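Structure record follows, encoded as structure tokens.
Bear in mind that the values in this text are calculations on the coordinates, not laboratory data. This one's a predicted model, so the numbers in the text were calculated from it and none came from an experiment. Backbone-built Cβ (ideal geometry, glycine too); neighbour counts: all protein chains shown.
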Amino acid sequence: MTNLNAVDPAAVAQDAHLESADVVIGKNTIIFRRFMRNKTAVAGLAIFLALTVFSFVGGYFTEWDKQTIDPFNIGMPPSAEHYLGTSQAGIDLYAMTVEGTRISILIGLIVGLVSVLVAAVYGCTMAYFGGKVDKVMLFILEALIMMPALLVVAVATSGGGEGLRRDLPSWLLLIIVLLVFSWMGTARLIRSLSMSLMQRDFVKAAQYMGVPARRIVWRHLVPNIGSLLVLDITRGVTGAILAEVAFSFIGIGIKVPDVSLGVLIGGATSQVQTFPWMFWVPLTVMFLLTGSLAMMNDGLRDAFDPSSSSSGSAKKRTALKARVKGNAS
Amino acid sequence: MSSEIAAGPVDQPQSAVERLHVAGLHAPADAILSVRDLNVRFNTENGVVHAVRGVDFDLMPGKTLGIVGESGSGKSVTSLAIMGLLPTTAEVTGSVRLKGRELLGLSDKAMCEFRGNELAMVFQDPLSSLTPVYTVGNQIIEALTIHNPAMSKQAKEAHAVELLAMVGIPSPKERLRAFPHEFSGGMRQRVMIAIAIANNPRVLIADEPTTALDVTIQAQVLEVLHTAQEETGAAVVMITHDLGVVAGMADDIMVMYAGRPVETGAVDDIYYNPRMPYTMGLLGAVPRVDVAEKSSLVPIEGMPPNLIHAPTGCSFAPRCPLATDACLEGEPALAPVPGPAAHRAACIKSGSLGGDVDVHDVFAAPPVPVSRFDAIPREERSTVLQLKDVRKHFPLTKGALLKRRIGTVKAVDGLSFDIREGECFSIVGESGSGKTTTLLEIMEFHKDQDGEVVIGGISNKQAADGKTRSAMRRELQMVFQDPTGALDPRFTVYEVLAEPLQNAGMNKADTKKRIMELMKLVGLQPDHVNRFPNQFSGGQRQRIGIARALAVNPKLVVLDEPVSALDVSVQAGVINLLDKLRAELGLSYLLVAHDLSVVRHISNRVAVMYLGKIVEIGEVDRVFDNPRHPYTRALLSAIPVPDPQLERTRERIILQGDLPSPLGTPKGCNFATRCPVFAALPAAKQEKCLTLEPPLEQVAPSPAAQTLAAEPLPAPDQRFACFFPDGEPDEDMLVVHESAGHHAP
């Protein structure tokens, strides 16, 4: 009889092979490398980070704030005193832009993160239990999708909800309303993705081992849709920023004295001719914000997608090598 | 030649074109396709992979070249490079000449002139290679239209019908208007072949054309390929990992390893007189369906080299038991070996190897393990699993609001068998015969199942509470078919193995100890527990899957096609491991497999299933050597044997058609619609098959044995369900290749 404790020489050989040939690259390393290879995405990330930093520390570079009125400079174009000019009411635009960017990013990040989290839990639960649970939860989801979000936002932020509006700042109220209406699409996507994961053998294996349902959802399903979640967060952030801008633009989102990019853009549309800086500055910032996120998202998709051609062509590299060799010889 | 790759700066002044031109002149003038110094490189995260390194071959008109090798050996990449179908990111160099015209370097548009016209290809997966939104007629006519714009519509249609008839599709005229989803896998592969031969190609490349199909269908498709080749006179390049498939078909064989041909020659030379240890290992790693003698398989240890680094020595040396220091100095070139002129091998020791060297000695195959249960008669061992009349019927309903039951799919229909301690019981049959449903029924273990499942004395009828169920789960564990899919990619090996143990309530220290034990048990390095599944090879992943199943010390392990996703050489290692574990731990196996050679090698008893019913059951050697049911006979005869002589001369039963849908099973014998014996029976006897359902009958001991023995012999362990087991099969369904004279030397 063979010795039970003997290590299979095949495994040893394979091990030596694996170690010497450094074939093993961590998945995260690969994703990071692929992301870094996409120059546009890296630029997007840099712009986004710069804007975030700007929105937090930008306020220290000027003595003005978003409420103080400068009676000597009303509706002035950019100058040394007011970097980006002032509004009709004499408020410094730079201070307002910093504040507005911060609120927009805050709304974007909170709504993006929380809605994806809600969607993940909701979607996985639907997929795991299936049957009646799935039907009821799907009905709620469909009902929410069909609800006119615009009207609800309008009612919540201006018409009714007096008590709410008294207790909460308008940006928080908007976050809550946006959250309620932003997770359904993702949840449906996650549901279908988890349903296909449920068919995978490792979930079956866990079931046949008698692992309880909650553990399977948490340990097997959620981590395996991780890459989709990351993608959805960046997409959700963009969506939330755009929604905030849109709502504020038509006057039902953020309310003065709170400032956001949408409020600034909306307030300035009627005066594009007379005070062009009031319109173009916040619009540019918004473009930078959503544009950088879109650029990042593209790079992330490339990095996560195993079938992408992100590793590049063999032709270019060998040709380059050959040239180097040719020069050397 | 491949040696030129390493030649470096010396050859630099000579341009590649010149070099290839010279190489092209050496090609025999009458070769239809000649490939010289084909090199393919891909870029990956780890660096540039040199996937094909210097492939040379010449294909003569009407001949068949078999390219054999494990996955990753560069077989498919070679064929795609010839077809010009590689992505633009790949770098292809060398020369591919079709009738003297250079194909490499042609634009995609220029290649289209050749593709589907003089060069045609049959792909592996028939389910995805046809467009689902067009009829098959449309797709055949499309192939004709592109290369014959002047052909009239009627002529094209008539030709399409002809082609469908040639590949053996019944009522071709009507089927022309059918969509791909109305065809089965085998039928779709026939359509693919029809499209490939539509324009009378000179070269037909078949890339694993039967790997995705059942054995009976594989036999049919191989037969169709054979006819297609005879009709068109095309030269065929047959790419496969199955040495049995090419044995009967090919004239020449090229064995590839690590992107290079390591042995080439006529088929008989390769099979009977291999000169390269890798070829010998491959031949020894395949279990044979026609051999009863129990011997361990030959595992080729290790795994293929990483093609990112240029090999400094023989690429097979790290896995070769005969390797010496001399093997590490420079890659051996493909050199002629003593004997027939065309036989070449890339091994410095090829002179001392040959047909008379026993591969078991060379590769040090482990001894056959003996179980403590082997000595005990089967009747005295305790039963670990018993199925009593288990049924699984799926209702087929119609209508959206008010569902009407319009029929029943009898996936499993009255199954009874038992498994004793220490034995391996296998279920075989085509896909759709209910094998997997049977496994699922056992694994589900519900109270309201139709029929009784008893696992280790616990019946499903009393499995109401969670406690009994978890006790049952500890008796029974499962190993899955796809080792990659069965392991959570986000778990380390430690977490994978800890899951069942934690679930059984084991504490941390014990869990750790047990995991180390398990790793050693399945032959894995214990300090690999912190790695992720994607850092292991397929064979190692399957070992992890086996370790997980063994974690809770079960009595019975259910194996669902445990080796079908693995390469031949790796497969041998896993089969040997399963054999060893069964003997040492006293396990019982319930194995489901479509590969009858594997079944014969590993199991003690076997059941043949057809449309949800067992048609023959018994001891494996009895059933395989003396099959009584016509279906068992057909299944066994459909399996290609890696022995060219035998393969060419043996008589084969080719079943007609596919597995009928289990929806409208006939009243009498299920198999009557495809039965070769039934087809040859007189009408009066046919009536019996059609009206009565044959019961499982005991095989009587042979008269010769009975006369020899003094007292009445116990009935042998073999039962079958057929009224006319001794009937001669119908002439039309028998095929012998030699009579066609095609392969006569």
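Stretching the chain fully between B:Ser459 and B:Thr324 yields a gain of 42.8 nm (0.36 nm per residue, less the alpha carbon separation).
For region B:380-468, which trypsin sites (Lys or Arg not before Pro) are both in a DSSP coil and crowded by at most 16 other Cβ atoms within 10 Å? Sites meeting the loop and neighbour criteria: B:Arg381, B:Lys403, B:Lys447. Within 10 Å of the Cβ of each residue in A:102-111, the mean number of Cβ atoms contributed by other protein chains is 0.
Shape class for region B:34-180: prolate, because the ratio a/c of the largest to smallest gyration tensor axis (alpha-carbon atoms, square roots of eigenvalues) is 1.5 or more and a/b beats b/c. With N the number of residues in region B:313-440, Rg(Cα) / (2.2 N^0.38 Å) evaluates to 2.00.
From least to most packed, judged by other beta carbons within 10 angstrom and beginning with the fewest, B:Val599, B:Val493 follow the order B:Val599, B:Val493. Looking at the protein assembly as shown, the DSSP beta bridges with both ends there are about 65 percent antiparallel. Can you give the FRET efficiency to the nearest 0.05 for B:Ala683 and B:Leu396, using r as the Cβ-Cβ distance and R₀ = 35 Å? The value I calculate is 0.60.
When averaged across all projection directions, what area in nm² does the alpha-carbon convex hull of region A:24-306 cover?
Projected over every direction and averaged, the Cα hull of region A:24-306 covers 18.6 nm².
The phi-based Karplus calculation (6.51 cos²θ - 1.76 cosθ + 1.60; θ = phi - 60°) puts the 3J(HN,Hα) values of region A:257-266 at x, 5, 10, 8, 4, x, 4, 4, 5, x Hz, whole numbers, x for Gly and Pro. Using a cut-off of 20 Å between Cα atoms, the listed pairs A:Lys135/B:Lys392; B:Lys75/B:Lys349; B:Lys435/B:Lys580; B:Lys392/B:Lys613; B:Lys461/B:Lys667; B:Lys392/B:Lys461 include A:Lys135/B:Lys392; B:Lys75/B:Lys349; B:Lys435/B:Lys580; B:Lys461/B:Lys667 as exceeding that distance. Set against the 2.2 N^0.38 Å expectation for a compact globular protein, the protein assembly as shown has a Cα radius of gyration ratio of 1.11.
Any idea what log10 I(q)/I(0) is at q = 0.08, 0.09, 0.10 Å⁻¹ for chain B, Debye with uniform C-alpha scatterers and no solvent? Calculated log10 I(q)/I(0) at the listed q: -0.73, -0.93, -1.14.
For chain B, the longest principal axis of the alpha carbon atoms and the long axis of helix B:493-503 meet at an angle near 10°. Could you give the angle, 0 to 90 degrees to the nearest 10, between helix B:136-147's Cα long axis and the longest principal axis of the Cα atoms of chain B? The two axes meet at around 10 degrees. Between the helical axis of B:466-475 and the longest alpha-carbon principal axis of chain B there is an angle of about 60 degrees.
Peptide A:196-207 has a mean shielding of 6, counted as Cβ atoms of other protein chains within 10 Å of each residue's Cβ. The simple Förster model, with R0 at 51 Å and r as the Cβ-Cβ distance, assigns B:Thr88 and B:Ala700 a FRET efficiency of 0.15.
Counting helices only, and only those DSSP H runs with n ≥ 4, report the 222 nm mean residue ellipticity of chain B as the sum of -39,500 (n - 2.57) divided by its residues, in deg cm²/dmol to the nearest 500.
It comes out at -9000 deg cm²/dmol, rounded to the nearest 500.
The phi-based Karplus calculation (6.51 cos²θ - 1.76 cosθ + 1.60; θ = phi - 60°) puts the 3J(HN,Hα) values of region A:287-297 at 4, 4, 5, 6, x, 5, 5, 5, 4, 5, 4 Hz, whole numbers, x for Gly and Pro.
Simple spin-label estimate for A:Leu138 and B:Lys467 gives 3.9 nm between the two label positions (7 Å along the Cα-to-Cβ direction from each Cα).
Each peptide in A:103-114, A:228-239 gets a packing score, the mean of other Cβ atoms within 10 Å over its residues, and the list from highest to lowest is A:103-114, A:228-239. Counting, for every residue in B:478-491, the Cβ atoms of other protein chains within 10 Å of its Cβ and taking the mean gives 5. Amide H contacts of B:Tyr610: B:Val615, each under 5 Å away and 5 or more positions distant or on a separate chain (H built 1.01 Å from N in the peptide plane; Pro and chain starts excluded). With each label modelled as a point 7 angstrom along the Cα→C-beta vector, the B:Asp290-A:Ile69 pair spans 10.3 nm. Fully extended, how many nm does the chain gain between B:Arg404 and B:Ala504 (0.36 nm per residue separation, minus their Cα-Cα distance)? Taking B:Arg404 through B:Ala504 to full extension adds about 31.5 nm, to one decimal.
The amide H of B:Ala335, built 1.01 Å from its N in the peptide plane, has B:Ala345, B:Ala346, B:Cys347 as neighbours under 5 Å, considering only residues 5 or more places off or on other chains. Note on B:Ser171 and B:Asp30: the extension gain reaches 46.8 nm, defined as 0.36 nm multiplied by sequence separation minus the Cα-Cα distance.
Applying the Karplus relation 6.51 cos²θ - 1.76 cosθ + 1.60 with θ = phi - 60° to region B:73-79 yields 3J(HN,Hα) values of 8, x, 5, 5, 4, 4, 5 Hz, where x marks Gly and Pro.
Near B:Arg420, the amide H atoms lying under 5 Å from its own belong to B:Val384; only residues 5 or more places off or on other chains count, and H is placed 1.01 Å from N. Going by neighbour counts of Cβ atoms within 10 Å, the residues B:His594, B:His181 line up, fewest first, as B:His181, B:His594.
Among A:Ile30, B:Ile195, sorting on how many other beta-carbon atoms sit within 10 Å of each Cβ, with the fewest leading, yields A:Ile30, B:Ile195.
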